[in-house]
Each structure stands twice: as C-alpha cells, then as structure tokens.
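Please read the structure below before turning to the comments.
The values are calculated or read from the model by the stated rules, or taken from the named source; none is laboratory data. Nothing here was measured: the structure is a model prediction, and the numbers come from that model. Using ideal geometry, Cβ is built from the backbone for each residue, glycine included, and neighbour counts are taken over all protein chains shown.
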C-alpha cells in the first residue's frame, strides 16, 4: 500500500509540471502583454517599460520559466494584479463560501437521485419509467441559466420565500438563510442527469448473472434490488461522486455569480474579466494539484467499496 | 438469463446482406420517435442554413419595434401614464397670433416634403416580442439558433477529431507514445473543466471562432479516453491479430480495420458533445466570454432576459428557452434513436 | 417404482422478439416437450447449442427473461408450477429446487463474501439466525471439498479459482437440502481435470443426500459417465429419451446415433470423422487409410523458444512471468503436431510467438534455413505468407465490417498475389468453394454465417497466401461436435491436397489424437512430454499426461 501511494505521488510530479508548463506558456504566448494590462490604457511607453522590468518580463523565456517554477515550489503565488491581494489569501478566504454551498449540493444530489433511479429501474419499461425518461430529456435541454433566472425570480422576487442574493459572515446564517435557494435550484437541475445516470447503473447490474443466482436462491425482488443490486451499483455511483469531488472546489460559478456568493468560482470569473493573470494561473495550478490528491485518496478508499480493486 | 437467450434461434433477420449502416438505417426508420426528432432537427438545420445565407433574420439588429414590444398575441402595451403631468383633452389652442414661426410653417412643410425620411414607424407589437432596444426577438432567436448550433457542432467536430486521432495512437501503439499521450491527458484532466475554459477565454478573448477553439481544446479528453479504450480492446481482438498475421501495416490496421468498427461509438459520443457544447456556449455567451458583441446567441439573449424579467417582460426568455429546448430535446431523442439503431447493446452508454 | 419429482408435459417456450410491421414476432425455443425426473436419479438433458435445453431448465422455476412465454404443464410433486405466483416460486427456489450455473465467476455476487452468500438462503428458508447460518455454511464448504473452510468464509469470489468457485455455487445450492438440483453446464467452463473433480463431487452428493439432478450438457462423454437417464434434444424437440445404457448401446434415433458417432474417440483412429448429416443420410464414412512419411523434410524447427511477460511490482521493479519456457520441436512437411495443455499452460502464447504476434524473449525458430526471430522487416513480410494462423473464436476473427470478399482479397492485395483485381476475386471465390461454401458468400457479411462456416472462411483466408505451415489455435474448440467434425475433416483434406503442415493447439485430447501425428503436452509453460500420438495415448510416461488422460470423460462404460 505504501509503495502504491509513493508511486502515485511520484507520478504526479510530471503531471503538475505539465500543468505549470501549460499555464505558463498559454498565458505567455497567447495572453496580452501583462505590462500593458497593468499599466492601464493611459500608460506611457516609459511607464510600461518600467513595469515590464519590474515584473522581470525583459529576461529570457527560460529564466522567467525558472522563476515561475521557483514560485510554484515555494508556494509563493504572487499577488492579484487587480486588487493586490495575495493570491493565497484570496484562495483561503473564498474557499469556505464555495464549500458551504457545494458540499450540501453534492450530498443532496446523490441522496435524492438514488431512490428515484432505483424505483424507476425496478419498474423498468413501465409508464413511470418512460415518463421519467421523456421528462428528463426535456429538462436537460433547458439551460441551467434559465432555471436560475426563473427560480430566482419566482422564489426570491415574487414569492419572497428566500432572499434573492446575499451572504453573511456566519456559517450558520449562511446555511439557513442564503444557501437554501441556490442549493434547491442546483439539486433540482442535477436531478435529471443524475437520475438517468444512476438508472443506467442499476439497469446494468440488473442484467448481471449474480441477479439470476439470487433469484434462484429464492430471494424476493425487494431483497435482490436493495441488497444485491444496490451494493454493486454503489461502485459506479461512488466512482462518479469521486470524479465530481474535485469540481466542488471550483464551485458552480454560475450560482456564485447569480447569488453574489463570494466563492472561488466567482473569483475566477472576476479574474478572467479583469485579465488578472496571476490569479487564474495560481488557481489553475492549485486546483490541479488538489484534484490529483483527491483522486489518490478516492482510489485508496475505493478498496473499501469494491473488494476486487487491486492497488498496484 | 444470458445463457438462455443463446439457445434461441433468432428469426431470419440476417438474410439481407446489409452492412452495419444499412441495417441501422432500417432499424432507425422503424422508430417513430426517432424519425420525428430527426425531422425536427432537419428543420432546424435548414433554418440554420437559410439564416447563414442571409435569407431570414438578416436584419436582427434593426430596431424595428418600440422598446420591449410585446408579442403580437398579447396585443400592444397600453399607453403608460407619463408622469404627474396631466395631458389636457381637447384641440390645441390657436397660438398663431403670438407664434413667430407661424407664417413660415407652409414653407417649412414644403421644404420638408422634399426630403424623404426613413423614419419608419416603430411597430407596437412584434411576432415574438421585442427586446429592450426594440429588436425583433424572433429574428434574434433564429440568428441565435444559427450561431449556437454552429458553434456547438463545430466544436464537437474539433474535439472529436483531436480525441479520435490521439486516442487511436495511444490505444494502438501503447509504449512511449501511449505514455506521452496519457501524460497530456492527465495534464488536461487535472485542471477542472470550467477553469480550463476560463483560462482559454482569458487569453483568447471573445468571438465565434475563439469559442469553437476553446470548447474543442477543453473538451477532447472524454472522447480520447473512450477511443483509446476501444482501440486497446480491439487491438487484442482476433480479427486484428489476423490482419497482422497476413501482413497488414499499422495504419491499415488502425484506420481500415479498427476505426470502422468503433465509428458508431464515436458518433454517439460526438452527439453528446454537441449538446454539451451548445449548453456551454450559452453559458459562456451569457457571461460575456463567448460570442462577440456584434453577434447574438441564445446566451446573450438570456443575459438580457434576466433584467427584463424583473420588469415583467418575459418574451425574450421564452423565445430563447423555447428554441433551445426544442432543438436540444429533438437532437437528444434523435441521437438516442440513432444509438439504439446502431447497436442495441450500446443502450447502457447514455 | 420411484415416484416422479418433476413432470414436464408438452412444454412450449417462446421469446418475444419485437415488432415487425406491427406484428409481434415470436421465436420458439422449445416446441412441446415432455419428460420426467424421478426421485434420486440424475437426468441429463443433452443437445447442441440452440437445442433449447437451457431454456427448458430455466423455465422450471421461471428464471427466464421478461420476454419469455411458457405454455404447457410443469408438475412439481403434482403441483403445476406454470400457474404458481411469484411468491410461491420464491418459496420453492433455493429450498426445494436449486440451481448451479455455467459461469461461476459471474454467477457469484462479487461484493459479498462467500460466507454471506452461503448464509443468505439458510436464513431465509430455514429460519436460522446469522450465527447459525454461518456455522452451517462453513460445514457446507467442507462438504464440497474446499480446503480451510473457516478462512474461506471471509473471502470474496474473485479470490478463488474457477473450480473452487463452482464448488461454492454447489454448496450454496445444497444449503437448504433441495430435492432437485438443476445444473446448467456446470463443468463446461472448467479445465478437464477440474471437471473430473466436480463431476465426482456431484455424484457423491447425489448419493449421500438422495437428491435428483437435472444435468444439462452438450458433452456426451460427461453425460454417459454421470447420468441415469438421458434426454436428447435438437431444435427445441426431444429426439430420444431413455436409460443411459439403452441410449449409448442401442440408440434408436438417427440424430442420437449421429451424435454418438461423430465424436473423435480415444480408442480408434478413423481417417475421417462422421458428420451428423452424412450419418443421418445413411452415407458411411470413407475409410481411406494412408500413412505419413516419417522421413519427410523438416519444415519448421523450434529450439528453446521462450516468452516472458513483465509485470510492474513494488515501487519501480518488474516481475517476470514466464509464459513459455524452452519449447523445442520439429515439424515435418505434411505432418501435424498437436499441442495439448490446460488453461495457463502457455500453448496459445507459444503459437502466437511462432508467428511473431508476440515478440519472443529468447530461442530460435528455423524456417527454410532462416531464423524467423531475427528477420528484417521486409523479410518478415514475406515470411508472413508462409506461416498462417486460425484463431479460436470464429465470432471475433473476421472483421464484422468487411464483406467476406474483402476479407479474402485483402491478403492477396498486400502480398501482390494474382495479376489484377478480377484475378484475385476469382481466386477468392474458388477458395470459398474449396472450403465447402457457396461462392455467393463473397458479397455477404460475417454475421450471416454460423460458427463453423466462419472458421472455414478463416481457413480460406489463410489459404489465399499459399502457406506451408498453419497454426490452429483451438480452432475447433468453440464449435459444436458435429460442426467440429466437418472442420476437422476439411483440415485433413486440405493437408492431403496441399501438403500443409499443422501446429494444432487444443485442450481436447480426443481431437488432438484424431488429427495429430506427434503430440506435445504442455503444463505451466514447459513441455512435459513429447511423443507420437499413439505412444502418448497408449503408454504415457509422465504423471501429468496420465492424469490428463484419466480426466477425459469416457462416456458410458457398461
């Protein structure tokens, strides 16, 4: 096991290096000139040259790359060009908000979609099943934007059940006041794709030979479904959750933008609009590393879920 | 259950010498839902082509209606009260005694009539309503369809090309080539998808071509994974080994032998990509990171719709949502039917 | 007179295959059959694929898929099961009627321990508590011959070998002391030595528990050894049924006779095998004897061929898995070398390495004076023409997207055989006829042909290059007995006509005996014994060879 973890960590290094290279060269060769961006529209050529020298942009490419790698290795992410806030601080202050919204969404998505999918696959081919498929197909064709716009309008604006936007400093207030509407909308939207996906998993399991064996032993359909099939279907379901986990950190930026939640997703969007390169670069590298670590943890924990897994 | 069906002698469906595509077409024709959806999609494609040629919706930017003109069905908006000032009723008072311009009105009118004004009267209602600037929502919706569908399809084709070629090379050859491609894949996968799109958007800017490029470059990984898995699976299959045994070259084995056998998988995956990319483009355009200011897409329409909704003007939202919902639903249903027709065993892939 | 446990009367089973032009299409699998299973006896249902034997067995407790329709009467101790409700069937399943299936790996639930799966029916049907059930489960494991049952209780199915998994399935079926055990091809997926053990186990259990067994199989040899009564099915109807002695010694039905006759036997060596259709039409086999020239020139010589696979292990290291170690032999022109072994013996790997479809680790393969393993790429291409291979799985060895014509013309295109397109097509058509197919097959697709026909097409593909050596990797193993006979006869004929030399790889000693002149026995990558075919069978020297011979089901011995 230790050998496996070490090997995985070792293998992460070239990937992180690749991400750093990608981010560095992408912004270097395709992005605008940072000196001009920082200088603003009214800067004189001398000012721009001065900024360029300050940023070290007049040095050769490989020196700049070396400096960048050094900053990555020492976790010195630099400062935002727009607000001059240290990026690491930015990251740590925005993350809680994102997690407060995203984690409940992730948990609720699974909890709600699972029984629906199970029930529908149990009654496969019935009217309920076919209706669900049609409804989900239509539901999936409507953009997430529409759901939020309409949802915000109806529930926040018209009915006044929830505040339209807002955030506070207390986690509890957030959870009870500001989080419910976005979470509700997000879970509602996620229902369609997740139910379809889980339904596929359940149907796949129902077609396996061990189901026939269970029936041959005289087990009731209920036991077959809830004990045999569910336990096996949890494997692809949890795999799916594991894959979705890294996405939690970027957050649904749309939700954060619509509901003015000061999370990481909204921060990235702001950075893009302001051409705030250090922020985007740093977050890209941060999250890539985080993704790989999470994947490793999920892979290791997977042995608990699927006894066939062999960690080599 | 699986053993039992082996015993069954299938009815003589294999009497005709059909290739895969012909047999699939026959199955597809029998699926009513699929046929209807295909017709709808075809209608949309015709619409896109006609719009691209400029035969309809060319003047979508013209402000032909009053601001926020309601749809024709609802009738024109009642004249609003213009404030506290009450407009007195009755004919205008005669001021010609004190009006200094009074004697010149006849000349002014005569001179004015020589100039032709193109000040067309602004319509009170438009077929699907008007937006904030009085532009025809229906024209915008049609143009938006053209742009959004075009971007979605083109981006899907790009992502499919990249993913297929890389997947084929990685899956077939393995070894150092496979390792390098795996590294590339890992690098792209490690960065969360939306973040990658944003990073590309930050550097490449806005515009239709840019969006296609961004979505294509960010979205090839799923297809790569699948094509690679399929190539790896088929490389070990006996018909490929047999091809190697008779002396077929690597390129021949990859593209003449294996590729036709998985083209249906690629097609199904590509149709999923089309839907995904259309939705991504809508979101990007909504955020102002997608198509340029001079273009309209369903996303830009939704961006405007948000502020309109609060004022009670819902028609732009309805038009954009409606067009998008109909097209995407029809496309999804058609893609499902195509997948079922190609290989009933693929049903699990949805 | 033993009373009847199970009585099947006029059973019909059809499957709903969807609608064509508004009319529902049904496929009939079983067309009105009737037989009995008495108490304390083994009844065997025998037939080839498509005969309806599995469907019959599964319809007893309705384990068929949803689109199946059953008609007729299935009387279990006097009660008609066809009309029984789902609850009533669930009471019966596992308790009075239990099942064992063909593929134990997929039939066991991969995420539950063996102990949990064994305890499940005990708790449901016998009302035991969990502790009692686990205790009983352990005892059952011991009864079916699983070593260290206590430790195995906590294992998962994938940690057991195929034979052990099947024993677990049997234990699970026996848990609630059923009166009838339905065994659907329980040994087909197992190696021949393991098969022997499982058959002995079933026989022993039947005796100690006084239970009846409905044994489904395609293998008459197995059936002859184990059954008391035999029911022969073909195309959904019963051709003959009766006591095993009667069926084997004096079969009345043509099909039964043909089935018995066209098995390659270990005892005598005909020149050609009987084919069912020939037999039923009354044609007798041509017995043209000719002997092979023992001094024919050596066409292929293999010296110390070895192939290892490297698997990653530890942090950076690699582990070597020796699939083939030091195989040497000489193949003479016009002769056949049989290579026998069970799964994991390395025989297939060796065959693939001869053609350099696997790159060998060491050794030499001398063909026409040149070492094949050190050829340049261009020379290798011309070598490809001379040594060809036919694979095991007829459903996977032809490209589903190519027409037969394309498949046959492609090798000629690559090697420049024939003058132009028309010439090549003509050759292809001629070859199709040579292997016994109609020339119209040229424009058809593989899915329109049966397994046996596809193997012939594969053979024709090899012949387009005029090879000298043909490697046949389990080429007839996936075929029904009668079809197998046809293909083997074809191979014999082609060898006589073209002077081909064969390397015939198989796990079936009887088939190898029929077609080979010399035999190589392999185990775990090494050659255990090497001799002429008669010598191997008459006086095997090695222990393993003897065990292999002993494990082969002999059929009914009076």
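Structural remarks
- Residue count, region A:8-33 (criterion: out of contact with any helix residue (DSSP H, G or I) (no Cβ under 6 Å at 6 or more places or on another chain), within 16 Å of residue A:58 (Cα to Cα) and touching a residue at least 60 places away in the same chain (Cβ under 8 Å)): 1
- The residue that is farthest from the other protein chains (Cβ to nearest Cβ), among those in region A:258-269 that are under 17 Å from residue B:201 (Cα atoms) and surrounded by fewer than 24 Cβ atoms within 10 Å (Cβ to Cβ), is A:266.
- Residue check for residue C:64: in contact with a helix residue (DSSP H, G or I) (Cβ under 7 Å, 6 or more places away or on another chain), within 14 Å of chain A (Cβ to nearest Cβ) and within 22 Å of residue C:172 (Cβ to Cβ): yes
- So residue A:90, is it at pLDDT 75 or above and either farther than 30 Å from residue A:254 by Cα or assigned by TED's automatic domain parsing to the domain that holds residue A:290 (or both): no
- Failed condition for residue A:203, given (1) in contact (Cβ under 8 Å) with a residue 40 or more places away in the chain; (2) closer than 30 Å to residue B:310 by Cβ: (2)
- Residue A:41 being farther than 18 Å from residue B:191 by Cα and in a loop (DSSP other than H, G, I, E, B): yes
- Considered as a group, the residues in region C:150-166 that are free of Cβ contacts under 8 Å to residues at least 40 places away in the same chain and closer than 19 Å to residue C:344 by Cβ include one that is nearest to the chain's Cα centre (by Cα), and that residue is C:163.
- Just one residue in the set C:190, C:201 is assigned to a loop (DSSP other than H, G, I, E, B) and more than 14 Å from chain A (Cβ to nearest Cβ); that residue is C:190.
- Taking the criterion of being part of a loop (DSSP other than H, G, I, E, B) and more than 8 Å from chain B (Cβ to nearest Cβ), the only residue of region C:380-394 that qualifies is C:394.
- Test result for residue A:31, buried (at least 18 other Cβ atoms within 10 Å of the Cβ) and either within 14 Å of chain B (Cβ to nearest Cβ) or modelled with pLDDT of 80 or more (or both): yes
- Of B:248, B:242, all but one fail to be within 30 Å of residue C:354 (Cβ to Cβ) and in a loop (DSSP other than H, G, I, E, B); the exception is B:248.
- Just so you know, in region C:105-120 the residues that are in contact with a helix residue (DSSP H, G or I) (Cβ under 7 Å, 6 or more places away or on another chain) and in a helix (DSSP H, G or I) include one that is farthest from the other protein chains (Cβ to nearest Cβ), and it is C:115.
- In region A:124-163, the residues that are more than 10 Å from chain B (Cβ to nearest Cβ) and not in a helix (DSSP H, G or I): A:124, A:125, A:126, A:159, A:160, A:161, A:162, A:163
Each row is one residue, and each column tells you yes or no for (1) surrounded by fewer than 24 Cβ atoms within 10 Å (Cβ to Cβ); (2) over 18 Å from residue A:145 (Cα atoms); (3) at pLDDT 90 or above; (4) facing chain A (nearest Cβ under 10 Å).
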residue	(1), (2), (3), (4)
B:293	yes, yes, no, no
B:298	no, no, yes, yes
B:322	yes, no, yes, yes
B:327	no, no, yes, yes
B:330	yes, yes, yes, yes
B:338	yes, yes, no, no
B:341	yes, yes, no, no
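- Search result, residues across region C:464-484 that are more than 21 Å from residue C:347 (Cα to Cα), crowded, with 23+ Cβ neighbours inside 10 Å and over 14 Å from the mean Cα position of the chain (by Cα): C:464
- The helices (runs of 4 or more DSSP H) found entirely in region B:92-208 that carry 3 or more residues being away from chain A (no Cβ under 14 Å) are B:105-112, B:137-173, B:175-190.
- Selection within region C:357-374: residues that are away from every other protein chain (no Cβ under 14 Å) and part of a helix (DSSP H, G or I). The member of this set that is surrounded by the fewest Cβ atoms within 10 Å (Cβ to Cβ) is C:374.
- Filtered residues of region B:20-79 (kept if under 30 Å from residue B:134 (Cβ atoms), modelled with pLDDT under 80 and assigned to a helix (DSSP H, G or I)): B:72, B:73, B:74
- Count of region A:212-246 residues which are surrounded by fewer than 21 Cβ atoms within 10 Å (Cβ to Cβ) and facing chain C (nearest Cβ under 7 Å): 2
- Beta carbons closer than 8 Å, at least 6 apart along the sequence or on distinct chains, pair a first residue in region B:232-252 that is free of Cβ contacts under 8 Å to residues at least 60 places away in the same chain with a second that is assigned to a helix (DSSP H, G or I) and surrounded by fewer than 18 Cβ atoms within 10 Å (Cβ to Cβ) for B:243/B:252; B:246/C:415; B:247/C:381; B:247/C:415; B:248/B:256.
- As a summary of the residue check, residue C:344 satisfies the conditions (1) modelled with pLDDT under 85; (2) assigned to a helix (DSSP H, G or I); (3) surrounded by fewer than 18 Cβ atoms within 10 Å (Cβ to Cβ) except for the one numbered (2).
- Highlighted here are the helices (runs of 4 or more DSSP H) found entirely within region C:215-263 that include at least 1 residues which are in contact with a helix residue (DSSP H, G or I) (Cβ under 6 Å, 6 or more places away or on another chain) and free of Cβ contacts under 8 Å to residues at least 40 places away in the same chain: C:254-261.
- Selection count where residues are at the interface with chain B (Cβ under 8 Å from one of its Cβ atoms), free of Cβ contacts under 8 Å to residues at least 60 places away in the same chain and more than 22 Å from residue A:28 (Cβ to Cβ), scope region A:270-312: 1
- Filtering A:242, A:222 for residues that are without any contact (Cβ under 8 Å) to a residue 60 or more places away in the chain and assigned by TED's automatic domain parsing to the domain that holds residue A:115 leaves a single hit, A:222.
- Residue match in region B:252-265 (condition: assigned to a loop (DSSP other than H, G, I, E, B), away from chain A (no Cβ under 14 Å) and out of contact with any helix residue (DSSP H, G or I) (no Cβ under 7 Å at 6 or more places or on another chain)): no
- Screening the candidates B:95, B:184, B:126 for the property of being within 42 Å of the chain's Cα centre (by Cα) and modelled with pLDDT under 85 yields one hit, B:126.
- Filter pass, residue B:201 being without any contact (Cβ under 8 Å) to a residue 24 or more places away in the chain and either surrounded by fewer than 22 Cβ atoms within 10 Å (Cβ to Cβ) or in contact with a helix residue (DSSP H, G or I) (Cβ under 9 Å, 6 or more places away or on another chain) (or both): no
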